[in-house]
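Where a number appears in this text, it was derived from the coordinates with a stated rule and is not lab data. Because the structure is predicted, anything quoted here is derived from the model rather than measured.
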């Protein structure tokens, strides 16, 4: 069955609206609260997600929404995000720590899932004005231009990216050991602070691979589809298919994927 064209249009509209919220607050005084010792939430996160939930409630009242700030609670006029056959997954501000410190590397991430299958992914970087989009089977696009993963064949020639979960203080030895192992195997490693954008840069061929533990569905959903449609490979650390709800994420151009997994397993041990 063909996808309703209003679905991708709504994802793009929602992302652009969130970007306007981001720009209005960025590098201005903004309320910042803590969800954990190093896990922040700002007024921009809350306003952007609230606007998107209102848009979906008005336009698609039977759809669910799973969002970082309000979870999968019941949406106005619709079922809970957990039970709806059509569900939107949003991170209203991926890279909140960067945003709160005035660092211009953050985005909004919006995905559409139909009966458990990702069908639409949109990630928008409002500062660089880069809009990454994908529909299942339709390729991946950046500002309307088709994108593909890189053709780097060897890990020694690869530029990699990673992230540290908010639990890094509890598990920092393993995180650091894996990071250090890649320093000896790859051309370079970066840690930029927005998983959704990191994955989009893999899709665009800027990075050759990415890994991170304990990501959430809203971090991954949209960008995972974009990487897939750009020709990339996404798995868990054991090589099994990526699971949005298991958090263990390895992403690459495909060519360096097995080497990426080998380094992770060797450095992290059997618990990874």
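List of remarks:
- For segment 155-268, the alpha carbon positions stretch 34, 30, 25 Å along the principal axes, listed from largest to smallest.
- Segment 239-256-segment 209-233 distance, computed between alpha-carbon centres (Å): 7
- Relative contact order [Cα under 8 Å, 6+ residues apart], segment 6-147, whole percent: 21
- Relative compactness, the chain, computed as alpha-carbon Rg over 2.2 N^0.38 Å: 0.96
- Between segment 1-30 and segment 123-157, the Cα center-to-center distance that results, in Å: 18
- Helix 43-59 and the longest principal axis of the Cα set of the chain meet at an angle near 60°.
- Measure of compaction for segment 194-234 (Cα Rg per 2.2 N^0.38 Å): 1.01
- Rh by Kirkwood over Cα pairs, then Stokes-Einstein D for segment 93-164 at 0.890 mPa s and 25 °C, µm²/s: 170
- The Cα atoms of segment 6-147 cover 39, 37, 25 Å along the three principal axes, with the biggest extent listed first.
- To the nearest ten degrees, helix 172-183 and the longest principal axis of the Cα atoms of the chain are 70 degrees apart.
- To the nearest ten degrees, helix 6-25 and the longest principal axis of the Cα atoms of the chain are 80 degrees apart.
- A Gaussian network model of the chain, with springs between Cα atoms under 10 Å, assigns the largest mean-square fluctuation among 185, 13, 58 to 58.
- Average Cα contact separation per residue, segment 121-213, under 8 Å, 6 or more apart, as relative contact order %: 34
- 222 nm mean residue ellipticity, helices alone, for the chain (DSSP H n ≥ 4; -39,500 (n - 2.57); rounded to 500): -10000 deg cm²/dmol
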